[in-house]
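Undergrad: Here it is: the structure, laid out below.
Every number in this text was worked out from the coordinates using simple rules, so none of it is lab data. Because the structure is predicted, anything quoted here is derived from the model rather than measured. Because the Cβ atoms are built from the backbone with ideal geometry, glycine has one as well, and the counts that use them run over all protein chains shown.
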Amino acid sequence: MKRTFFSYLIAGAFAFIACTSNTSTTPKKQSAAPVKDTAHMSAMNDTTEPKQITPTLANVDPKVSASLDGIVDNYLQLKNALANDDASAAATSAKSIMAGMSKVDVAALTPDQKKVYSNIADDLKENAEHISKNAGKIAHQREHFAMMSDDVFDLVKGFGAAKPLYQDHCPMAQEGKGADWLSETKEIHNPYLGKKMPDCGSVEAVVKK
């Protein structure tokens with residue numbers, strides 16, 4: 001069902017509060033009858049520590065690990081390009097992701113490892129291709145980056161990465177639907193809102209070997 005303009009306005013208002021509440025130092029009086037929007041209220045009031053995630057796969061071939069780390073590094077460069085509103089650099093990083101995927105020695109994977117990689121490989125490549133071919137359409141790139149981020153998250157949950165990675169969430173991304181991404185730093189650098197609202201978001205989980 002299509003949402004009315006008023007519904008988008010309300011959702012956007014709460015999402016904006018979710019992204020700015022952590023920087024406010026002035027106490028605010030609570031409404032006597034708060035709106036029951038559990039998704040945005042959760043984002044506003046969440047004080048829990050990020051979830052700690054340990055990769056599930058062991059005995060990964062060192063050459064395979066190196067290839068996958070290269071893919072993750074190019075993903076992070078893509079994330080930073082979008083955070084800087086640089087669609088051209090994002091397209092270049094997406095091409096590097098596809099090139100890196102061609103170097104993964106699938107034959108060196110165990111059955112369990114191959115299952116994890118095969119489940120994300122096609123989607124990851126497709127999203128990278130879309131981003132690489134749309135250097136002039138950053139909004140389109142960001143749509144595919146959201147899907148790519150889910151793929152890369154599944155990849156590092158299985159294989160891990162050379163360094164700790166932080167899963168971040170922005171409630172305002174994708175027209176208020178919210179979206180995740182991975183970062184190499186605890187600091188928020190939002191790839192969906194770019195320089196318009198660079199620090200909107202919160203750390204949801206940490207993936208660490």
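Undergrad: Between rounded, prolate and oblate, where does the stretch 110-209 land on the alpha carbon gyration tensor, with a ≥ b ≥ c its root eigenvalues, rounded for a/c under 1.5, else prolate if a/b exceeds b/c?
TA: oblate
Undergrad: Distance check, please: which entries in Lys137/Lys177; Lys133/Lys177; Lys157/Lys177; Lys79/Lys186 exceed 18 angstrom between their Cα atoms?
TA: In this structure, Lys137/Lys177; Lys133/Lys177; Lys157/Lys177 exceed 18 Å between Cα atoms.
Undergrad: Now for a different question. Please give the charge dipole size of the stretch 54-111, origin at the Cα centre, charges +1 on K and R Cβ atoms and -1 on D and E Cβ atoms. Round to the nearest 20 debye.
TA: Its charge dipole is roughly 100 debye.
Undergrad: I would also like to ask the following. About its Cα centre, how strong a charge dipole does the stretch 124-209 have in debye, to the nearest 20, once Lys and Arg get +1 and Asp and Glu get -1 at the Cβ?
TA: The dipole magnitude comes to about 220 debye.
Undergrad: Sticking with this structure for a sec: Let me know the charge dipole size of the stretch 56-153 about its Cα centre in debye, to the nearest 20, where only the beta-carbon of Lys, Arg (+1) and Asp, Glu (-1) is charged.
TA: It comes to approximately 180 debye.
Undergrad: Could you work out how much longer the chain between Asp123 and Glu187 gets when fully extended? Use 0.36 nm per residue separation minus the Cα distance between them, nm to one decimal.
TA: Contour length minus Cα-Cα distance gives 20.3 nm.
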